[in-house]
Amino acid sequence: MILAIAGLIVGLVLGAFCPILVPLGYTRFFAVGLLAALDSVFGGLRALSDGGFDTSVFISGFFMNAILAALLVFVGDKLSIDLYYVALFTFGFRIFQNLAIIRRIFLSKKEK
């Protein structure tokens, strides 16, 4: 747990002092990639809350989500179709679904 908190602090400090400017052409990729990462994080938190967290599943899901999201955006750009909306909708839905499940788990643990 201490390693996760240390990683969060290091990430926040790096983000605060090393701002990254994303070129306009890559904003779709960045937005979908960010949501894919958040989906993996919240899915991992959900699995951790359920007691079924597996590091290999988390890491493979993280990279597969990112690759699939980038592929959707790339193919959509080549076909002149806004396929990134599909990825945004799907990952956004899954994030809210995982948050709802995490909330229910914590509320049920609090009642006991």
Placing +1 on each Lys and Arg Cβ and -1 on each Asp and Glu Cβ in the chain, then taking the dipole about the Cα centre, the residue among LEU83, ASN98, VAL22 whose Cα reaches farthest towards the positive end is ASN98
Under the helix-only model (-39500 (n - 2.57) for each DSSP H run of 4 or more, divided by the residues of the chain), the mean residue ellipticity at 222 nm, to 500 deg cm²/dmol, is -29000 deg cm²/dmol
Where a ≥ b ≥ c are root eigenvalues of the Cα gyration tensor, a/c under 1.5 meaning rounded, otherwise prolate if a/b exceeds b/c and oblate otherwise, the chain counts as oblate
Heads up, segment 1-64 by the C-alpha gyration tensor (a ≥ b ≥ c square roots of eigenvalues; a/c under 1.5 rounded, else a/b over b/c prolate, else oblate) looks oblate
Percent relative contact order for the chain, counting Cα pairs under 8 Å at least six residues apart, stands at 32 percent
Burial-style ranking of 72-79, 21-28, average other-beta-carbon count within 10 Å with highest first, yields 72-79, 21-28
Square roots of five times the C-alpha gyration tensor eigenvalues of segment 61-112, ordered largest first and given in whole Å, equal 34, 11, 4
Hydrophobic long helices for the chain, i.e. whole DSSP H runs reaching 27 angstrom or more by Cα along the axis with Kyte-Doolittle mean at least 0.5, come out as 27-50, 55-79, 84-111
Highest mean packing first, using Cβ neighbours within 10 angstrom, the peptides 58-65, 46-53, 12-19 sort as 58-65, 46-53, 12-19
The Rg/Rh figure for segment 34-84, Cα atoms and Kirkwood Rh, to two decimals is 1.14
Magnitude of the Cβ-charge dipole (Lys and Arg +1, Asp and Glu -1) of the chain about the Cα centre, nearest 20 debye, reported as 360 debye
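A short reminder: the numbers here are calculations on the coordinates, not readings from a lab. Not measured: the values here are computed from a predicted model. When we count neighbours, we look across all protein chains shown, and the Cβ atoms used for this are built from the backbone with ideal geometry, even at glycine.
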